[in-house]
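J.: Before I ask anything, let me first share the structure, which is written out below as structure tokens.
The values are calculated or read from the model by the stated rules, or taken from the named source; none is laboratory data. These numbers come from a predicted model, not from an experiment. Here the Cβ positions follow ideal geometry from the backbone for every residue, glycine too, while neighbour counts run over all protein chains shown. Just the protein is used for accessible areas: all its heavy atoms, side chains included, with ligands, DNA and RNA removed. Shrake-Rupley method; radii C 1.70, N 1.55, O 1.52, S 1.80 Å.
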Amino acid sequence: MRETLFTADGGALPALPWPDYPRPRLRRQSFLNLNGRWQFAARPTDGLPAGYDREILVPFCPESALSGIVEHFAEGSFLFYRRSFSLPAGFCAGRVLLHVDGADQTVDCFLNGQCLGGHTGGYEAAQFELTSALRAGENELVLRVTDDLRPRRLPYGKQVQTPGGMWYTPVSGLWQTVWLESVPARYIRRVDFCCTLEEAVLDVGDESLSGTVTVAGPEGPFIAPLEGGRAVLRPANPRPWSPEDPFLYPVTIQAGEDRVESYFALRTLEIKTAGGRPRLCLNGAPYYFHGVLDQGYWSDGIFTPASPAAYEEDILAMKALGFNTLRKHIKVEPPLFYYACDRLGMAVFQDMVNNGDYRYLRDTVLPTLGFQTRRSDKKMHPDPAARAAFLAGMGATVAALKGHPCVVYWTIFNEGWGQFDATAAYQKLRALDQSRFIDSTSGWFRGGETDVDSRHVYFGPWRLKAGAKPLVLTEFGGLTLAVEGHLQCPGRSYGYGACKSPEELERRVLALYEQRVLPLAEKGLCADVYTQLSDVEEEVNGLLTADRKVCKLPTEAMAALAARLAAAFRASCGEEARQAAPAL
């Protein structure tokens, strides 16, 4: 008899987990979700197994409780997933595509015994065309996934073989939705919008495609021609996007036999001087980004929450505390996370996922204490294969997320992890995206080209002062409170200052903001990011427990604090900027 799997809150998982359409920015009617129970086998070699001795629940990684496996296999193991499917009547429009939205690290696709290709990149979506290997009736699909943390050449984030402190349980295998869609012979492959406050220019990536674009605006729909793969969309009374008013324009694109739905938002980002200091500006006005570090880990699913609804719950919980920004830390989420931020109004500072070697003394201890151990990053992490893998991952991240208006800021390197030639990385990223802020070196090992002065402060004196670039405090805080009954690692605690009660935590957090952050907001600070949204394994410095059942701080006090920060920031910007800036 099959085991019934439960989420962290005690609810039974549905037979088809994650049933939501997985790609909101390019939606078609054809959609066959392949999540659910698959046959599973782990082997030391890459040959397809003769038999499968276990079952796994996709899209949850085998290390997680939600998968039903709860096991991490030896590094370099091959994980095999098998299931059958039949296409519904009328599904096929000419070509059939398989999407594997997340597989850590390398996935190979076999349909009816035929290998159809592979993809490397654990934080990237993979696509395979199945058309040539499809059969009428039942088809056998096998996905082979392998993951090896030992070389550290591919981006791995916070995964380590021996978890502890700020490093977490490794994941492997499938961790996002697996699904099918059907497309005509010529189809829309991408939907990119270049937006100002007045118009959006659509590019579908194929100059031979023509058709129409229908925009659903507040005053009613309007239609624009799609010519040469491009369309210019000008709403009659433009309504800009912001966390306070996250307005989205739904669109329907018809090109030949293909029809897709998408959306765009009107918003701009730039750096201007106001009140004598450089400011991060949203829609032409100085804006204070009040944020929290978001690791994207879950006590029952690790990389993947039990349901996409968990993203909305996290976002709304942080908005209730007064935050308008999440720093998505060293992880790239499924598109449904960014869609939730787009429609609910949450700005995202997006990190690139690190690779390369890490040394605790060199990369954490000494810089935390104020010792800059390196003066140049030109020769740091010199492995050419690792450098190429990082840059490829950066390019894939930008391609996947640049259409989301919530993403306002890119972080290339964090605290020196895998860092090399930050100026060259900045220039490469700037060539990929001219519209967002770029933080080349978050924390320390500064010196390369960057848009901001990005600092981390956990201990010691706060030697922060606004200068030639916008000053952003991209990590601080991290005060711990262990909540009994909600701990992943009872008896083990990691953070940056222990509190014994909710009252002590509230007092110390408010004092930290009032005594340290608020005076900086009065003198030019443009953003702050508190560590962190939730507890993760040994780290118990979250505002929420790992199971999301307990919020450790009162919403009223935190929301009032956020209002004071915004008011102090506006007052520091000068009269003209103060009138233009939104009230938070």
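J.: Pick out the one residue from Ala511, Ala571, Ala583, Ala562 that is surrounded by fewer than 17 Cβ atoms within 10 Å (Cβ to Cβ), within 28 Å of the chain's Cα centre (by Cα) and either modelled with pLDDT of 95 or more or not polar (S, T, N, Q) (or both).
T.: Just one listed residue meets the conditions, Ala583.
J.: If Ala309 satisfies all but one of (1) crowded, with 17+ Cβ neighbours inside 10 Å; (2) under 20 Å from the mean Cα position of the chain (by Cα), what's the number of the condition it fails?
T.: (1)
Residue by residue, here is whether (1) surrounded by 15 or more Cβ atoms within 10 Å (Cβ to Cβ); (2) more than 21 Å from the chain's Cα centre (by Cα); (3) modelled with pLDDT under 95 holds:
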| residue | (1), (2), (3) |
| --- | --- |
| Val58 | yes, no, no |
| Ala65 | yes, yes, no |
| His72 | yes, yes, no |
| Phe80 | yes, yes, no |
| Ser84 | no, yes, no |
| Leu87 | yes, yes, no |
| Leu98 | yes, yes, no |
| Asp104 | yes, no, no |
| Val107 | yes, no, no |
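J.: For region 229-245, give me each residue that is open to solvent by 30 Å² or more (accessible area, probe 1.4 Å) and either in a loop (DSSP other than H, G, I, E, B) or modelled with pLDDT under 95 (or both).
T.: Arg234, Ala236, Asn237, Pro238, Arg239, Glu244, Asp245
J.: Condition (residue is assigned to a loop (DSSP other than H, G, I, E, B), small (Gly, Ala, Ser) and at pLDDT 95 or above) applied to region 471-479: is it met by at least one residue?
T.: Yes, that holds for at least one residue.
J.: I would also like to ask the following. Could you list all residues from region 428-445 that are closer than 14 Å to Lys378 by Cβ and more than 19 Å from the chain's Cα centre (by Cα)?
T.: Passing the criteria: only Phe445.
J.: Taking region 179-195 as the search range and keeping residues that are of a type in the set (A, V, I, L, M) and touching a Leu at 6+ places or on another chain (Cβ under 8 Å), which one is farthest from Ala93 (Cα to Cα)?
T.: The selected residue is Val191.
J.: On to the next question. Given the residues Ala396, Ala392, Ala340, Ala386, which is the only one that is of a type in the set (A, V, I, L, M, F, W, C), in a helix (DSSP H, G or I) and open to solvent by 40 Å² or more (accessible area, probe 1.4 Å)?
T.: Step by step, each of Ala396, Ala392, Ala340, Ala386 is checked, and only Ala392 is of a type in the set (A, V, I, L, M, F, W, C), in a helix (DSSP H, G or I) and open to solvent by 40 Å² or more (accessible area, probe 1.4 Å).
J.: Give all pairs with beta carbons closer than 8 Å in which a residue from region 490-504 that is touching a residue at least 24 places away in the same chain (Cβ under 8 Å) and on the phi < 0 side of the Ramachandran plot meets a residue that is open to solvent by 40 Å² or more (accessible area, probe 1.4 Å) and not aliphatic (A, V, I, L, M); count only pairs at least 6 apart in sequence or on separate chains.
T.: Correct list of pairs: Tyr496/Phe459.
J.: Among the numbered criteria (1) among the hydrophobic types (A, V, I, L, M, F, W, C); (2) outside any loop (DSSP other than H, G, I, E, B); (3) touching a helix residue (DSSP H, G or I) at 6+ places or on another chain (Cβ under 8 Å), which single criterion is violated by Leu154?
T.: All conditions are met except number (2).
J.: Can His486 be described as open to solvent by 10 Å² or more (accessible area, probe 1.4 Å) and assigned to a strand (DSSP E or B)?
T.: no
J.: When residues of region 188-220 are filtered for being closer than 28 Å to Ser132 by Cβ, surrounded by 15 or more Cβ atoms within 10 Å (Cβ to Cβ) and more than 27 Å from the chain's Cα centre (by Cα), how many remain?
T.: Qualifying residue count for the region: 3.
J.: Select from region 120-147 the residues that are assigned to a loop (DSSP other than H, G, I, E, B) and open to solvent by less than 40 Å² (accessible area, probe 1.4 Å) and list them in ascending order.
T.: Gly121, Gly122, Tyr123, Leu130, Asp147
J.: In region 424-450, which residue that is open to solvent by 20 Å² or more (accessible area, probe 1.4 Å) and part of a loop (DSSP other than H, G, I, E, B) is nearest to Val407 (Cα to Cα)?
T.: Checking each candidate, the answer is Ser435.
J.: May I pose another question? Condition first: hydroxyl-bearing (Ser, Thr, Tyr) and assigned to a loop (DSSP other than H, G, I, E, B). Now tell me which residues in region 300-337 satisfy that.
T.: Hits for region 300-337 are Thr304, Ser307.
J.: Please go through region 550-574 and pick out each residue that is assigned to a loop (DSSP other than H, G, I, E, B) and not charged (D, E, K, R).
T.: Val550, Leu553, Pro554, Cys573, Gly574
J.: Exactly one condition in (1) without any contact (Cβ under 8 Å) to a residue 60 or more places away in the chain; (2) closer than 20 Å to Asp351 by Cβ; (3) of a type in the set (Asp, Glu) is not met by Asp528; state its number.
T.: Exception for Asp528: condition (1).
J.: Taking region 343-368, which residues are open to solvent by less than 20 Å² (accessible area, probe 1.4 Å) and either part of a loop (DSSP other than H, G, I, E, B) or at pLDDT 95 or above (or both)?
T.: Gly345, Met346, Ala347, Val348, Phe349, Gln350, Asp351, Met352, Val353, Asn354, Asn355, Gly356
J.: While we're on this one: Taking the residues in region 312-337 that are acidic (Asp, Glu) and out of contact with any Asp or Glu (no Cβ under 8 Å at 6 or more places or on another chain) as candidates, determine which candidate is most open to solvent (accessible area, probe 1.4 Å).
T.: Per the stated criteria, the residue is Glu313.
J.: Within region 404-419, identify whether any single residue is farther than 30 Å from Val251 by Cβ and over 23 Å from the mean Cα position of the chain (by Cα), and answer yes or no.
T.: Looking for residues that are farther than 30 Å from Val251 by Cβ and over 23 Å from the mean Cα position of the chain (by Cα), one finds none in region 404-419, hence no.
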